[in-house]
Amino acid sequence: MKYQLANLTVFQKRIISSYWTIGLHSPLDILSHKMGISKKTIYKCFHDKDVLLEHTLNWRFTEFDKGFELILNKHLSPVNELKEMTFYWEQFIFKNYIKNNLRCVLSPSVYEKSKQVYLRLLHGNLEVNIKNGINQGVFIITNIEPTAKFYSMSLEYLKENWIENETSRRTWLNHLIEYHLNSLCHNINISL
């Protein structure tokens, strides 16, 4: 499921972009003031704050997916592709989830919906990486879907239990990549 920005007006896109820029934790009064419009105008475009939040997050997830597409279109080796995808994921999560403290900002229903969209995108892109590896003869595996799911759920665990220390977080990610690649690759012992 791809989010369709085309379904939004230019003005709605401007509201979404502005809301992201000032921070999702900001009250709509601040958003309306910064944009020079009334709060009522925002509610005409998005009938409540949760709808605005969902559209804003879906817009960010579109950017997230585009980043993965850029990596996949570089035609890297599947191993380097996975590494680059993982560290791209880390930067995206830090800038978008951790820095904005989304778990506390979003209502539980919006958080859960956004989490499902994000996991679908992550999982789908990981499946493409695994298929690329199989097609190139680097990965030897038949159960693509559960393997991609395990990796995406491991990244989700890190998102939910964020390690503030970058060195520790990178060590954790390197171990995850190493474990994942060693389970995918035939007769190759990968260590990072």
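Laboratory data are not the source of any read-out in this text; all were calculated from the coordinates shown. All values reported here derive from a predicted model rather than from experimental measurement. Methodologically, a virtual Cβ is constructed for each residue, glycine included, from the backbone with ideal geometry; neighbour enumeration extends over all protein chains shown.
Rank 53, 92, 73 by how far each Cα sits towards the positive end of the charge dipole of the chain (+1 on Lys, Arg Cβ; -1 on Asp, Glu Cβ) and give me just the farthest. Checking the options against the dipole of the chain, the answer is 53. Return the lysines within reach of residue 34: Cα separation strictly under 19 angstrom, same-chain partners fewer than 8 residues apart disregarded; answer none if there are no such residues. By straight Cα distance, residue 34 reaches 13, 44, 49. How far, in degrees from 0 to 90, does helix 144-160 lean away from the longest principal axis of the Cα atoms of the chain, to the nearest 10? Around 50 degrees separate the two axes. Listed by chain and number, the aspartates and glutamates placed with their C-alpha closer than 15 angstrom to that of residue 131 are 69, 81, 145; residues fewer than eight positions away on the same chain are left out.
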